[in-house]
Amino acid sequence: MAFNASVALSLTNSQLLLVSSMGVCSGFRSSVACNLRCRRLKGDVVSSGSRSRSFGMVTAKGQKIEDHPLLNDSMDNIGDEQVGDVLPKVPERDFTGTAYVPVYVMLPLGVIDMNCELVDPEDLLNQLRILKSANVDGVMIDCWWGIVEAHAPQVYKWSGYRRLFQMVRDLKLKLQVVMSMHECGGNVGDDVHIPLPHWVTEIGETNLDIYFTDREGRRNTECLTWGIDKERVLKRRTAVEVYFDYMRSFRVEFDEFFQDGIISEIEIGLGPCGELRYPSYPAKHGWKYPGIGEFQCYDKYLMKSLSKAAELRGHSFWGRGPENAGSYNSAPHEIRFFRDGGDYDSYYGRFFLNWYSQVLIDHGDRVLALANLAFEGTCISAKLSGIHWWYKTASHAAELTAGFYNSSNRDGYAPIAAMLRKHGVALNFTCFEMRTLDQYEGFSRGTRRS
């Protein structure tokens, strides 16, 4: 397996440090990425890449090895056996001949304002020069749908992004661009609020069913429900047509940057936080880690799809969501649907979960097919969320509500990987390094992913 990793770091101390590792598997046109979300850093931004770096050994708590209290005692008082326990020998590894590892730095979410202008171009240019001096390969930037097509359908404003891209090109850096077709704000690391386009939210005022909806009828404005992917409810356009027109406008506007190889990769937003998942654990609706979340299929368009699927199976009474699936902050063992031997594994449960996850796969399939039309010849990637909590329970409840039918007796990620491979799309898998105990000390060790 060849290895190709990229590191994405924020420019300011207030941003999260993001590290992406990409591995290229045989048979895939593009790379497979694992996004590693790390703790906030104090002080200057620290990056690591393929080029040599000098560094000090630190403990998991950030304490330098040489400052460790055990080592501050006189080393003369420690016997050979103790030294072996304190500082185990680390085997040397020879990386000669391995593939080059590109380093990309993630720009702040709010570098472009709601008028599509650079917030502080002079400071940004200085920061980009610093990155260039550090020999990074390029930067990653979100292109927000809510900014570019803010006021009227098919009226796009790219001015701020053009100015930014010119700065990047002048410094001989490269770009990874994210087609961000979701709302920004309210999630981990969000320090700005960027809503969906105003003309879209106006439609939502009279048709709330354009948004994902939970069983209690609460709407989530973070992104549009996949139920309208093929419904002409957006000023006579379907949702996927709106996404395609947006991507095509970007491709035409920045053709020179594609031709020059400045834009090296396009990541396609497919749901909340740009991830291919349902918005099953929204903080705005009271969810707290490690709650199992809730199914998000109660808008009229998805319910119509569910009813049709149930009728085709000859069980019209299955055309409803589970009635015993708990609430956002439930635990699996408390809930009849998700407990061991629960209804998730009944005939109805398997039918519902298969339909629910297939809607997710079909959405990704439709949007990525159009993305390949818009960005033919360019590396395309998609982001998948790492739902790591409740992984060691039988039902994998948090994954099920997010749309990943990955219970203990089923591989829920293989169909998604097959869909991505069909389109030659790279997989960016977030939270790959996360463990439950890193997030919630009171959480049972038996439920974490090791």
Q | Neighbour cut-off at most 16 other Cβ (10 Å), DSSP loop, GluC sites (Glu not before Pro), the range 318-405 | A | E323, E376
Q.
Relative contact order for the range 171-294: what percent, with Cα pairs under 8 Å and sequence separation of 6 or more?
A. 32
Q: Just name one of T206, A239, G271: the one whose Cα is farthest towards the positive end of the charge dipole of the range 192-271 (beta-carbon charges, Lys/Arg +1, Asp/Glu -1).
A: T206
Q.
With an 8 Å Cα cut-off and a minimum separation of 6 or more residues, compute the relative contact order for the range 121-224 in percent.
A. 27
(Q) Would the range 140-265 count as rounded, prolate or oblate if I go by the C-alpha gyration tensor, calling it rounded below 1.5 in a/c and otherwise prolate when a/b exceeds b/c, oblate otherwise? (A) prolate
Q | Whole-number percent relative contact order across the range 272-342, with pairs defined as alpha carbons under 8 Å at least 6 apart | A | 30
Q) What list of ³J(HN,Hα) couplings, whole Hz, do you get for the range 334-341 from phi and the Karplus terms 6.51, -1.76, 1.60, once you set θ to phi - 60° and write x for glycine and proline? A) 8, 10, 4, 5, 9, 5, 4, x
Q: Using the Karplus curve 6.51 cos²θ - 1.76 cosθ + 1.60 with θ = phi - 60°, work out ³J(HN,Hα) for each residue of the range 152-157 in order, rounded to whole Hz, and write x for Gly and Pro.
A: 8, x, 6, 10, 10, 10
Q: Could you give the size of the charge dipole of the range 247-301 about its Cα centre, using +1 on the Cβ of each K and R and -1 on the Cβ of each D and E, expressed in debye and rounded to the nearest 20?
A: 500
Q.
For the range 325-408, which trypsin sites (Lys or Arg not before Pro) pass both filters: DSSP loop (anything but H, G, I, E, B) and at most 14 other C-beta atoms within 10 Å?
A. R336
Q. Using the alpha-carbon centroid of each, what span in Å lies between the range 373-433 and the range 217-264?
A. 21
Q | Packing rank of 400-409, 208-217, 255-264, where each peptide gets the mean count of other beta carbons within 10 Å, highest leading | A | 400-409, 208-217, 255-264
Q) Hey, what do the phi angles of the range 315-327 turn into as Karplus ³J(HN,Hα) couplings, whole Hz, using 6.51/-1.76/1.60 and θ = phi - 60°, x for Gly and Pro? A) 10, 4, 6, 7, x, 8, x, x, 8, 10, 9, x, 10
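No value in this document is a laboratory result; all are computed from the given coordinates. Everything numeric in this text was worked out from a predicted model, so none of it was measured. Reconstructed Cβ throughout: ideal geometry from the backbone, glycine too, with neighbour counts over all protein chains shown.
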